[in-house]
Amino acid sequence: MSNSALEKVRAHAEAGLRAREQFFAEQSELLVETARTCAVCLAKGGKLLFCGNGGSAADSQHLAAEFVNRFKLERPPLPAIALTTDTSIITAIGNDYNFNQIFEKQVQALGSAGDVLVGISTSGGSANVLAALREARRRNMTTIGMTGQRGGEMAGLCDALIAAPTTDTAVIQEVHIAAGHVICHLVDHFLFEAVMELNPYLQESEG
C-alpha cells in the first residue's frame, strides 16, 4: 500500500476526530436541549419531520428509521417521517412546480403546530430545505437545523442550530450522524428512562 494512500486515511481520520471532539465539547448542552424539545413534541402527540439533499437525504432517512424502529432501547415506535423517500411526491412537485418546493409542500401537507422539522444542509443554503424551514415556522412548528461551520441562511430560520465545526462536507456529515445518534439516545432517555425529568417541560409548554 502506498504511503500517500495511508496519509489520506490518517488525514481524514484526524480531521474527523478533531471535528467530533470540538463539536461535543462545545455543543453537548445544545444536543440535550434539542433532544428534550423533540421528546416534548413526541410526548404531546407530535411528530418529527426530516429533510435534506444527497447525503443529507440519506441522513434524514437514517434518523427517521431510528425513531420509527428503535435506537438502542426496546420501546414503542415513535412518529418520524423523512420527506426524502416518496419519489412520486418529489417528482410530481418538482415537475409541476419547482424542485425548491419538494419539502415545503410536504410540510404543508404533513406538518402541524407543535411538530418538529429537522432540516439538514451541510452548506446551510439548500433552497428547498430553507423553504421547508420557512413553511414550518409559518405553521408554528419547531425548527432544528443541522449544518456546517458557515451556517448559511439556515441560521436565521432555526430555533436550534447544530453546526459541525468544519467546512469539509464529508466530515460535516460524519458529525451530523453522530449528533443525530446522540439525539435519538437522549429522546429515548427522556421518554422512557427519566420521564419525571421531562414533566416540568411538558407542564411549561402546556402553560
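With springs only between Cα atoms under 10 Å, which of Gly94, Gly55, Gly152 fluctuates most in a Gaussian network model of the chain?
Sorting by GNM fluctuation, first place goes to Gly94.
Tell me, what ³J(HN,Hα) does each residue in the stretch 176-193 have, in order and in whole Hz, if you take phi through Karplus 6.51 cos²θ - 1.76 cosθ + 1.60 with θ = phi - 60° and put x for Gly and Pro?
4, 6, 5, 4, x, 5, 5, 4, 4, 4, 6, 4, 4, 4, 5, 7, 10, 10
Got a sec to turn the phi values of the stretch 60-74 into Karplus ³J(HN,Hα) couplings, 6.51 cos²θ - 1.76 cosθ + 1.60 with θ = phi - 60°, whole Hz, x for Gly and Pro?
Ordered by residue, 3J(HN,Hα) equals 4, 5, 4, 5, 4, 5, 4, 6, 5, 8, 5, 9, 10, 8, 6 Hz.
Amide H neighbours of Leu49 under 5 Å, counting only residues 5+ apart in sequence or on other chains, H built in-plane at 1.01 Å?
Result for Leu49 returns Ile81, Val116, Leu117, Val118.
Using only the C-alpha atoms of the chain, find the volume of their convex hull and express it per residue in Å³. List each step's numbers first, then the result.
Working: hull volume 28.6 nm³, N = 207.
With only Cα atoms used, the chain gives 138 Å³ per residue.
Would you please name the trypsin sites (Lys or Arg not before Pro) within the stretch 1-102 that are DSSP coil residues with at most 11 other C-beta atoms within 10 Å of their C-beta? Working shown, then result.
On the way: sites: Lys8, Arg10, Arg18, Arg20, Arg36, Lys44, Lys47, Arg70, Lys72; in loops: Lys44, Lys47, Arg70, Lys72.
Passing both the DSSP loop test and the Cβ count: Lys72.
Please list 3J(HN,Hα) in residue order for the stretch 27-38, calculated via the Karplus relation 6.51 cos²θ - 1.76 cosθ + 1.60 where θ = phi - 60°; whole Hz, with x for glycine and proline.
Rounded to whole hertz, the list is 10, 4, 5, 5, 5, 4, 5, 5, 5, 5, 4, 5.
Within the stretch 49-151, which chymotrypsin sites (Phe, Trp or Tyr not before Pro) sit in a loop by DSSP and count at most 13 neighbouring Cβ atoms inside 10 Å?
Here the chymotrypsin sites (Phe, Trp or Tyr not before Pro) that fit, given the DSSP loop and packing criteria, are Tyr97.
A short reminder: the numbers here are calculations on the coordinates, not readings from a lab. Quantities reported herein were computed from a predicted structural model and do not represent experimental measurements. Counting neighbours? That spans all protein chains shown, and the Cβs are built from the backbone with ideal geometry, glycine included.
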